[in-house]
Amino acid sequence: MSHLSDPGQIKAVLSRHGFHFSKALGQNFLINSGVCPRMAQECGAQDCAGVIEVGPGIGVLTWELSQVAKKVVAIELDQRLFPVLEETLAGRDNVKIVPGDVMKLDLRQLIQEEFGGGPVCVCANLPYYITSPVILRLLEEDLPLSAITVMVQKEAAQRLCAPPGTRECGAVSVAVHYRSAPKMLFQVGRGSFLPPPNVDSAVIRLDLLKEPPVAVRDEEWFFKVSRAAFAQRRKTAANSVSATLGLPKPQVEQALLSAGAAANVRAERLTLDQLAALSNGLL
Ligand code: SAM
């Protein structure tokens with residue numbers, strides 16, 4: 001185990017480098033020494049070509065991942081952390097820090113160049129402000145991934161794992177269940193972070209499926225329609241889809257009826273089968 005989860009050690013390293021936490025970048029660093037070894041053990045690193053980490057911070061999870069993975073590529077946006085990481089990960093020869101924004105980098109090319117095409121695992125304590133966009137991006141782009149293990153806000157974890165057709169489900173849960181088998185691994189209290197956030201967290205693992213569980217004729221359109229259905233949650237799915245995608249409401253209602261749903265159904269009541277049929281029907 002590294003000593004990077006010790007609060008005294010973290011404060012000392014950060015003050016040596018004159019570093020101050022950025023709330024805007026979701027910087028809550030882990031100080032619970034049990035969490036990172038467990039994430040590294042349970043993310044499937046041993047069974048894939050390597051691991052991509054999003055936001056290494058000072059490298060506490062990166063260090064643990066480097067113990068179990070062939071190679072770790074960690075994407076970090078905050079350049080103030082690069083000298084810190086150089087110090088904390090000195091000697092970890094299988095780690096590469098890639099500067100950049102995870103939302104902008106060409107991940108397919110990165111996997112090709114760094115891992116010979118994969119498949120790779122993703123393991124990260126995600127910055128909370130981009131939890132959903134990052135997960136959506138990883139799933140919608142159909143990248144060569146075998147598993148995604150992420151720490152997110154506890155409520156977000158519950159939403160992501162909620163199957164379509166249940167109250168907590170949202171557009172991201174649809175993508176999650178279309179591409180993967182999600183599993184709640186364990187919960188992490190707010191006191192495990194420096195500085196402590198206002199919410200508790202949970203670690204989830206998404207095991208990518210070889211084939212989607214439903215037949216979709218155009219995936220890009222399916223994700224668009226799913227997002228449109230949930231875009232205005234207070235409205236019916238027909239109103240939300242027709243307003244968001246600019247389609248005539250009767251056409252959407254007809255597609256809902258053909259999908260076996262009521263014309264006035266709300267998005268959270270639609271099953272994955274019905275969402276697939278709806279998007280196929282609107283093509
Ligand atoms: N992995 C560390 C840990 O567990 O202690 C830090 C996790 S902290 C919640 C999130 C990290 O993501 C920070 O290091 C932050 O600078 C970085 N980050 C924020 N936005 C990012 C982005 N768009 N792309 C890449 N990294 C980002």
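Ligands, DNA and RNA left out, the 1.4 Å accessible surface of the chain is 49% carbon and sulfur atoms. Helix content alone sets the calculated 222 nm mean residue ellipticity of the chain: runs of n ≥ 4 DSSP H residues at -39500 (n - 2.57) each, divided across all residues, give -11500 deg cm²/dmol.
In terms of the mean number of neighbouring beta-carbon atoms within 10 Å, the peptides 275-282, 214-221 order highest first as 275-282, 214-221.
The Cα atoms of segment 1-41 give a gyration tensor whose axes a ≥ b ≥ c have a/c of 1.5 or more with a/b no greater than b/c, which makes the shape oblate.
Among 170, 44, 18, the largest mean-square fluctuation in a Gaussian network model of the chain, built with springs joining Cα atoms closer than 10 Å, belongs to 18. Highest-first packing order for the peptide set 143-152, 107-116 is 143-152, 107-116, based on the mean count of other beta carbon atoms within 10 Å.
Calculated accessible area for segment 130-220 comes out at 42 Å² per residue, all protein chains present (probe 1.4 Å; ligands, DNA, RNA ignored).
Here the relative contact order of segment 204-282, from alpha carbon pairs under 8 Å that lie six or more residues apart, stands at 33 percent. Antiparallel beta bridges, as assigned by DSSP with both residues in the chain, represent about 50 percent of the total such bridges. Could you please report the charge total around residue 27, scoring K, R as +1 and D, E as -1 over all other residues with beta-carbon less than 14 angstrom from its beta-carbon? Result for the local shell: +1. For segment 1-88, the relative contact order is 32 percent, taking Cα pairs closer than 8 Å that sit 6 or more residues apart in sequence and dividing their mean separation by the residue count. Within the full protein context, the accessible area of residue 21 is estimated at about 80 Å² for a probe radius of 1.4 Å. So, how do all the Cα-to-Cα distances of segment 242-283 break down into 5 Å bins, in percent, from 0 on up? Reading upward from the zero bin: 5, 27, 36, 26, 5. Give the Kirkwood hydrodynamic radius (Å, one decimal) of the chain, defined as one over the mean of 1/r across all pairs of different Cα atoms. 19.8 Å is the Kirkwood radius here. Restricting attention to segment 146-283, the count of lysine pairs at 8 or more positions apart or across chains with alpha carbons under 25 Å apart stands at 7.
Specify which residue in the list 27, 241, 121 is farthest towards the positive end of the charge dipole of the chain, using unit charges on the beta carbon of Lys, Arg (+1) and Asp, Glu (-1), about the Cα centre. Among 27, 241, 121, the one farthest towards the positive end of the dipole of the chain is 241.
Does segment 93-201 come out rounded, prolate or oblate, given a ≥ b ≥ c as the square roots of the eigenvalues of its C-alpha gyration tensor, rounded meaning a/c under 1.5 and, failing that, prolate meaning a/b above b/c? Verdict is oblate for segment 93-201.
Each Lys and Arg contributes +1 and each Asp and Glu -1, all at the Cβ; summed about the Cα centre of the chain, the dipole is approximately 860 debye.
Charge tally for residue 168 (other residues, Cβ to Cβ under 11 Å; Lys, Arg +1; Asp, Glu -1): 0.
The values are calculated or read from the model by the stated rules, or taken from the named source; none is laboratory data. On a predicted model such as this, the values are computed, not experimentally measured, just so you know. Note: ideal-geometry Cβ built from the backbone for every residue, glycine included; neighbour counts use all protein chains shown. Surface areas here come from the heavy atoms of the whole protein model, side chains and all, with no ligands, DNA or RNA. Shrake-Rupley method; radii C 1.70, N 1.55, O 1.52, S 1.80 Å.
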